[in-house]
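One structure below.
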Amino acid sequence: MKKIEERIQQIEKTLTETHIETEKQLLITEMKKIGIEKLPYSYSALKNFIDAETMNFHYNKHYKGYVDKLNAALSKKKHGDLDLEKIIKNISRYDQTVRNNAGGAFNHALFWNMLTPTPKKLTGDLYQKIAKQYGSFNLFKKKFETVAKDRFGSGWVWLVLTKKNTLKIMSTSNQDNPLMNVIDGGGFPLLGLDLWEHAYYLKYRNKRDEYITNFWKVVNWDFVNKLYEMKTKTKLIESTDIRNVLGQDIKPKFCSPDESQLFRSIRENPKVKSIYQNELDRILKDRFSDFFRGAQQDEVSGFYGYEKEGARSVLSNINSNNAVFCLFVKAVNNQIDKLGQPEKKFNFWKKEKRTVNEIKRFLRAIDYFKDEIFNPSNEEFVNIVRVLLVLWERGIKTEDETIKKLENYFEGDAVFTKTSGHGLKTDIKGIDTVIELGGKKLNAQIKPYTSTEVYDNKIKIDSKSSGGEYKNVDWLIFYHPKQKNILIFTNDPINADVNFIFNKDSLIHEIE
Ligand code: MN
């Protein structure tokens, strides 16, 4: 798509220079259009399902009508989106005219290919999946027919692959498609049947049920299978893409200390923190559903197998990381720039802008741009992943150094067992190490810190990683990565929102 845009820009430039105004307009309009999908057989080829006259009208009048009206509607906008599937996925950005006609264009383009005069039987993974989920292939067909017959008025019946990788039979009204982001419980369409009167009325009149059962005589299972395979492969392609770019030796770019401080302070508001984390979590689960896994025996839920095969992904850390919050603001503002529309950019440097409402608007913007931002071809996103990987490495280094130093300090009186690990349940509970000391087992959390402040018998610890409560922890251990000294507190802070504040009595070991 980028290449076409570049070509358009180039042509626009060249043609402006040569002042061929009409030709220029024609050429540009043509290139910015959504194309017509060619009918892969003759009008009469599917005669045991539909007659030639219906096919002719359906294709030439109805289908081409949707495509024409869609192009007319898009050309009124300054920045026409060329990718039909992208329009469908982001349909909430458009008005009802685009929704109807983009749906009509997309549904029919799929539909023509889902039919064939020379059908073959479905075999392979998809066949197994259907038989397993519906009891048998015939039971699946019966269920599909029932849902089709139950559709009142114009619409479609679909077999979709859901985000949870299960199959689902559903119907949509008018020209809606299960891929549209306005459809609850939608998914990726594998098979669809047009239930509009224009699709069958000349041949079947009021006998819509007969049209529905005859559909099986012409289903192009080869194409359906290709859609299924394509969908399963997208996951593979995406992780290959991100691994390729991460393989390049490029250093991550962090926000400046001032910027980082600003975003830490914004998240000091517990309401902001919870809205930000929860909403970002929802957006990520939606965007990276292929990589999300629920809780397993020893693993907590999260994203797996994205930047490293089988391993817990740093995508799981995105919503609780301040460094990333700051990078997101830059990424979103860049997208707003590209849009060229008068949407207000985000400026959290202005104190009056640091409101819950502005955070909510910011999250809506991340959601709106999620396909553009969270994309291996977006340098800013790749940088975010790099930043998270570096922070993760640093975390491991801090823990290892701390444990080593503590082992020396306790001179064999204490035995340390490391329990942290990306994805381990003990890690998420906040337990980095279990210490056996004097016949007792103590759970400890290890955190890096940068400075302390002592006042009124209290000690404030400035720890760059976000604070929080650690319910299952006995000791909070703070390690200074540069000065290499360690402070051990009992887990009873007065405050733990962002910085930790303890009573002086809670400090039980100070190791230089
Ligand atoms: Mn139709």
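The values are calculated or read from the model by the stated rules, or taken from the named source; none is laboratory data. If you're wondering where the values come from, they're calculated on a predicted model, not measured in any experiment. Note that we place each Cβ from the backbone using ideal geometry, even for glycine, and neighbour counts take in every protein chain shown.
Being surrounded by fewer than 16 Cβ atoms within 10 Å (Cβ to Cβ), at negative phi and within 16 Å of the ligand (Cβ to nearest atom) holds for only one residue in 53, 37, and it is 53.
How many residues, within segment 175-214, are under 15 Å from residue 157 (Cβ atoms), within 11 Å of the ligand (Cβ to nearest atom) and surrounded by fewer than 17 Cβ atoms within 10 Å (Cβ to Cβ)? Going through segment 175-214 one residue at a time, the tally reaches 1. The residue that is modelled with the highest pLDDT, counting only those in segment 446-462 that are surrounded by fewer than 19 Cβ atoms within 10 Å (Cβ to Cβ) and within 36 Å of the chain's Cα centre (by Cα), is 450.
Based on this model, can you work out whether residue 124 counts as touching a residue at least 60 places away in the same chain (Cβ under 8 Å), over 30 Å from residue 202 (Cβ atoms) and away from the ligand (no atom under 16 Å from the Cβ)? For residue 124, the condition - touching a residue at least 60 places away in the same chain (Cβ under 8 Å), over 30 Å from residue 202 (Cβ atoms) and away from the ligand (no atom under 16 Å from the Cβ) - is met.
Within segment 89-112, the set of residues being assigned to a helix (DSSP H, G or I) and more than 16 Å from the ligand (Cβ to nearest atom) comprises 89, 91, 92, 93, 96, 97, 98. Annotation note: Cβ proximity below 7 Å between a residue of segment 183-200 that is under 18 Å from residue 63 (Cβ atoms) and a residue that is in a loop (DSSP other than H, G, I, E, B) and within 10 Å of the ligand (Cβ to nearest atom) (sequence gap 6+ or interchain) occurs for 195/154; 196/154.
Applying a threshold of 6 Å to beta carbon distances and a minimum spacing of six or more residues, or different chains, the list of pairs starting in segment 155-167 at a residue that is under 16 Å from residue 125 (Cβ atoms) and ending at one that is charged (D, E, K, R) and not in a strand (DSSP E or B) reads 161/231.
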